[in-house]
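The values are calculated or read from the model by the stated rules, or taken from the named source; none is laboratory data. Here the structure is a predicted model, which means the values were calculated and not measured. A quick note on method: Cβ atoms are made from the backbone with ideal geometry, for glycine too, and the neighbour counts reach across all protein chains shown. When the accessible area is computed, the model is the full protein with side chains, heavy atoms only, and any ligands, DNA or RNA have been set aside. Shrake-Rupley method; radii C 1.70, N 1.55, O 1.52, S 1.80 Å.
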Amino acid sequence: MRIPGPEEIRALHEKHAPTAEAFTSVHRHCELVWSVAQQLLASPRLAHLDAELVRAGCLLHDIGVYRLYDDAGRLDHKNYIRHGLLGQELLESEGLPATLCRFCSHHTGVGLTRQDVVSQNLPVPPADYLAETAEERLVMYADKFHSKSHPGRFLSPDAYAHHVRRFGEQKVTAFRALRDEFGDPDLARLTPQAELPPVTG
């Protein structure tokens with residue numbers, strides 16, 4: 001499988017971003033998610049992962065957000081949950097392999113289940129959208145430490161655990177399993193890239 005490099009992925013972002021502001025928000029976030037994953041990949045216990053695939057997954061995972069902007073440059077927050085499937089469709093239309101497309105549709109939260117979709121009446125087809133491979137899980141995990149809503153700072157593991165508790169203890173447990181698998185990133189070391197100290201509470 002041919003994996004696109006950073007410049008090719010950046011070109012895809014530029015092609016599909018409706019505005020310069022949207023490009024800056026989404027592409028910068030994807031780069032910061034990769035910085036978290038790259039740091040974690042330095043651990044010898046993760047040497048078995050395909051770093052090139054993880055990099056592409058991080059840099060592509062949110063590309064579907066562009067399809068939620070209207071002609072006036074406003075983001076459709078109500079349907080934001082759809083950005084993963086929209087990203088998968090976008091990458092499929094670009095001819096990218098399914099392995100890469102799945103990073104878009106399988107990174108939301110700590111995994112969306114069919115039950116989540118039905119019980120929360122989410123605007124996506126009922127199905128399990130779960131990270132299955134170690135590379136998918138790492139992209140999903142690294143994504144939890146940075147939000148486009150607060151672009152100038154990272155979110156600590158404890159802060160995210162507190163945030164996800166509102167969706168049920170099973171989500172806290174799922175996040176704890178990711179922490180056990182990949183370890184906690186050293187966000188203080190990464191903070192200069194995001195400009196402000198991480199949110200810790």
Sites excluded, trypsin sites (Lys or Arg not before Pro) in DSSP loops with at most 13 other C-beta within 10 Å, longest stretch of the chain: 75-201
Alpha carbon centroid spacing (whole Å) that separates segment 4-69 from segment 125-172: 16
Å² per residue, accessible surface of segment 54-165 at 1.4 Å: 43
Of ALA51, TYR141, GLY95, farthest towards positive along the dipole that unit charges on Lys, Arg, Asp, Glu beta carbons give the chain: TYR141
Given (i) 25; (ii) 32; (iii) 37, the label whose value is percent of Cα pairs over 27 Å apart derived from this model: (i)
Karplus 3J(HN,Hα) series, Hz, for segment 80-92 with 6.51 cos²θ - 1.76 cosθ + 1.60 (x for Gly, Pro): 4, 4, 7, 4, x, 5, 5, x, 4, 4, 4, 5, 4
Residue-level accessible surface for THR19, protein heavy atoms, 1.4 Å, Å²: 40
Segment 49-136: GluC sites (Glu not before Pro) in DSSP loop, at most 12 other beta carbons within 10 Å: GLU132
